[in-house]
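As structure tokens, the structure follows; a few thoughts come after it.
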């Protein structure tokens, strides 16, 4: 199944009660039970909602994963991952990190005894001095926010697996259209769905995708217990335009960064823009979705005039 087809159809099943082809919005907090604990898979909407389940399956499919969990925001998803840890555990992460993640790591979780090492992960050789028996998690963000630095996911996974360390990747900036970290051996993929998967500035949401069932159960338990779950109204707009949006931004980023019209040293914008082609070309070919030619010129025809 191609990426665009997944974005539209994965996780969507006809409604069993009416046959509706698109998943309805189930606006309910509770569900009828035949007896305590005996129900149709839904007891309380904080734990499960049919609308949310459809989106979770869809996002998991886009990441080539088995299990998806949606949260009320990307920070809610990140919070759940860090709650897998215990006091005394240590985390290796980037020194170029989304500000919200840094704020949570440094000012919320450090006071509970979790230690974070913020290092330059653009070179995986920098990891070794920070490894010890207490290292339990590598939190990668590639491309990073805001400097678009690239981390070699395969190299980090190889180092982590030798010491049974979990690897989580914030895949928000690349999106599953360009990069699938689970295919590279990563344990957890995190998305701020608000960004590319949503893309319309009308949804705040986060998501985690995993392959390991035990890990999924632990993260679901945290989500259900702590309650950072989204309501049912925001699921419809999230994925439908993701493929087209990513194709267009990739084309524009490539053409802008490679344009000979950009003087190399005339402005800060030019200096930041020039390396963008390396980000666009980063994901390994086996995990990169081809970007088709612009529809403006197909077989020698300018479609704007046809």
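The values are calculated or read from the model by the stated rules, or taken from the named source; none is laboratory data. Just so it is clear, the structure is predicted and the values come from calculations on it, not from any experiment. Glycine gets a Cβ as well: all are built from the backbone with ideal geometry, and neighbour counts include every protein chain shown.
Couple of notes before you dig in:
- When 180, 145, 171 are checked against the criterion of being under 19 Å from residue 194 (Cα atoms) and surrounded by fewer than 22 Cβ atoms within 10 Å (Cβ to Cβ), 145 stands alone in meeting it.
- Flag for residue 39 being in the same structural domain as residue 217 (by TED's automatic domain parsing), touching a helix residue (DSSP H, G or I) at 6+ places or on another chain (Cβ under 9 Å) and at pLDDT below 95: no
- Residue satisfying all of: in region 104-116; closer than 27 Å to residue 194 by Cα and in contact with a helix residue (DSSP H, G or I) (Cβ under 9 Å, 6 or more places away or on another chain); surrounded by the fewest Cβ atoms within 10 Å (Cβ to Cβ) among these: 108
- Filter pass, residue 68 being modelled with pLDDT of 95 or more, assigned by TED's automatic domain parsing to the domain that holds residue 163 and in a helix (DSSP H, G or I): no
- Lone qualifier among 86, 134 - being within 27 Å of residue 48 (Cα to Cα), exposed (fewer than 15 other Cβ atoms within 10 Å of the Cβ) and more than 14 Å from the chain's Cα centre (by Cα): 86
- Filter result for the condition that a residue is at pLDDT 80 or above, closer than 20 Å to residue 230 by Cβ and in contact with a strand residue (DSSP E or B) (Cβ under 6 Å, 6 or more places away or on another chain), over 56, 27: 56
- For residue 33, the stated conditions do not hold, so it cannot be described as in contact with a helix residue (DSSP H, G or I) (Cβ under 8 Å, 6 or more places away or on another chain), surrounded by fewer than 17 Cβ atoms within 10 Å (Cβ to Cβ) and outside any helix (DSSP H, G or I).
- Restricting attention to region 183-226, the residues being surrounded by 23 or more Cβ atoms within 10 Å (Cβ to Cβ) and either assigned to a loop (DSSP other than H, G, I, E, B) or not assigned by TED's automatic domain parsing to the domain that holds residue 98 (or both) number 3.
- Residues being out of contact with any helix residue (DSSP H, G or I) (no Cβ under 6 Å at 6 or more places or on another chain) and within 18 Å of residue 98 (Cα to Cα) - total across region 144-170: 8
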